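Sharing a structure below in structure tokens format, with a few things to ask.
The values are calculated or read from the model by the stated rules, or taken from the named source; none is laboratory data. Quick caveat: nothing in here was measured; it's all calculated off a predicted structure. Positions of Cβ are generated from backbone atoms using ideal geometry, with glycine treated the same way; all protein chains shown enter the neighbour counts. Protein only, heavy atoms only, side chains kept; ligands, DNA and RNA dropped before computing areas. Shrake-Rupley method; radii C 1.70, N 1.55, O 1.52, S 1.80 Å.
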Amino acid sequence: MSREEASAAGLFDCRQAFADELASMARADARIVAVCNDSVGSSNLTAFRKEFPDRLINVGIAEQNMVGVAAGLANGGLIPFVCAASPFLTGRALEQIKADVAYSGFPVVLCGMSPGMAYGELGPTHHSIEDLAWMRAIGRLPVIVPADPHETRAAMRWVVASAAPAFLRIGRTKVPAVNPTGAGFTAGRWTPLRDGADLTLIGAGLTVSRALEAAALLAADGIEARVLNAASVKPLDEAALLRAADETGAILTVEEAVVQGGLGGAVAEFVVQHTPVPMRLLGVTDFAPTGSVSFLLEHFGLAADAIAARARELVAAKASKRA
């Protein structure tokens, strides 16, 4: 699907919003620079390179060096946006992210491009399904997963204003706009997209729109699902989580990542310690095979009908527990 066809269908590539906002911020702030690993095209940095040739540093296929260079630039007063395919940024440069960026507190914006299973047919080496778990484990590093283009822009502005490091997961798979007009982004705050009292669906990134579709299917069965956009995977919106547990009594998390240590793990860790309720974690459960993005999402039960089916099971489990 071309960019024009996707736009006509109401679907958008968050990488394009990222590229447009990066250029806009660079025009207003001379400290903004981009650092990449021979990924100018896949990170949508071609226009940025043309407009700011002296503010794009391409280190080649050397991810550890890329993060180290970015830390040095930040130490010198610049604000580097490190742009690379998420499996290689997070997998190859984990030590540098931990020591050079997070521990040192440098304002480096780590941008994991094309995360999850966006590379489809390229297979397990290119699937970035562990990145949320890896990044969550590192101290002082917010983990942000925007759900649509507007939220991508808002998250970028928040990160720069925070003057601290952060990990941004920038999706490649086209998504609809899901957030209310004018909604911003603040770490530790989630956006409620639908109210309901029977259970809560919590998604991040591309799974948010799928959770909304599932909620519509459930409503046809008389089940009212609350839907929360958990763009801030770390820190969590603890107040929203407490309300969801208390008011709906069941929580289903949905993520394009491994369920161990990601969004579902984070939610479960908090809920079990504060207000335990029946939960289910939907996501990737093993190495993802090779196949199209749509096939892979369906394979792991991340299509709207599969999410709705798991939600019905959860509502039944909640009722059984209370009986």
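If you count, for each residue, the other Cβ atoms within 10 Å and average over each peptide, how do 250-256, 20-26, 47-53 line up from highest to lowest? Intermediate results must be reported in sequence, preceding the final value.
On the way: 250-256: 28.0, 20-26: 18.3, 47-53: 14.6.
Packing proxy ranking, top to bottom: 250-256, 20-26, 47-53.
Let me ask something else. When the Cα centres of region 183-200 and region 73-116 are compared, how far apart do they sit, in Å?
Spelled out, the Cα-based centre of one part sits 28 Å from the other.
Counting only C-alpha contacts under 8 Å and six or more residues apart, can you give the relative contact order of the chain as a whole percent? Please report the intermediate quantities before stating the final value.
On the way: 704 pairs, mean separation 51.5, N = 323.
That works out to 16 percent.
Which distance in nm do the two modelled labels at Asp221 and Ala62 give, with both placed 7 Å along the Cα-to-Cβ direction?
A separation of 5.5 nm, rounded to one decimal place.
So what's the Cα pair-distance distribution over region 174-263, bin width 10 Å, in %?
With a bin width of 10 Å, the distribution comes to 17, 52, 29, 2.
Percent antiparallel among DSSP beta bridges with both residues in region 166-313, to the nearest 5?
Just about 20 percent of them are antiparallel.
Can you give the log10 of the normalised intensity I(q)/I(0) at q = 0.19 Å⁻¹, computed with Debye over equal Cα scatterers of region 85-243?
Debye intensities relative to I(0), on a log10 scale: -1.19.
Could you list which residues have their amide H under 5 Å from that of Cys36, counting only those 5 or more apart in sequence or on another chain, with H placed in the peptide plane?
Amide H neighbours of Cys36, under 5 Å, 5+ apart: Ile57, Asn58, Val59, Cys83.
If you don't mind, another one. Can you tell me the length gained on complete extension of the stretch Thr125 to Ala316, counting 0.36 nm per residue apart and subtracting the Cα distance? Mind showing how you got there, number by number?
Numbers: separation 191, 0.36 × 191 = 68.76 nm, distance 3.83 nm.
Between Thr125 and Ala316, full extension yields 64.9 nm more.
Helix 149-162 versus the longest principal axis of the chain: what angle, 0 to 90°, nearest 10, using Cα atoms?
60 degrees
Determine the distance separating the Cα centre of region 31-58 from the Cα centre of region 243-292; give it in Å without decimals.
36 Å
Using only Cα atoms, tell me the angle between helix 14-28 and the longest principal axis of the chain; keep it within 0 to 90° and round to the nearest 10.
It is inclined by approximately 40 degrees.
Once fully extended, how much extra length lies between Asp305 and Asp20, figured as 0.36 nm per residue of separation less the alpha-carbon to alpha-carbon distance? Could the numbers behind the result be given before it?
Details: separation 285, 0.36 × 285 = 102.60 nm, distance 3.40 nm.
The span from Asp305 to Asp20 would gain 99.2 nm if fully extended.
Working with all protein chains in place, sort Asp305, Asp54, Asp13 by solvent-accessible area computed with a 1.4 Å probe, largest first. Write down the numbers at each step before the final one.
On the way: Asp305 100, Asp54 145, Asp13 25 Å².
Solvent-accessible surface, decreasing: Asp54, Asp305, Asp13.
Debye sum, Cα scatterers, region 207-323, no solvent: what log₁₀ I/I(0) at q = 0.12, 0.15, 0.22 1/Å?
Log10 I(q)/I(0), no solvent term: -0.42, -0.66, -1.37.
Could you list the residues of region 18-59 with an amide nitrogen less than 14 Å from a label point located 7 Å from the Cα of Ala177 in the Cα-to-C-beta direction?
none
Using alpha carbons only, how many degrees (0 to 90, rounded to 10) separate the axis of helix 304-322 from the longest principal axis of the chain?
Between the helix axis and the principal axis of the chain, the angle is about 50 degrees.
Would you work out the charge dipole size for the chain about its Cα centre, treating the Cβ of every Lys and Arg as +1 and the Cβ of every Asp and Glu as -1, and quote it to the nearest 20 debye? Write down the numbers at each step before the final one.
Details: 28 positive and 33 negative charges, 101 e Å.
So the dipole magnitude of the chain works out to roughly 480 debye.
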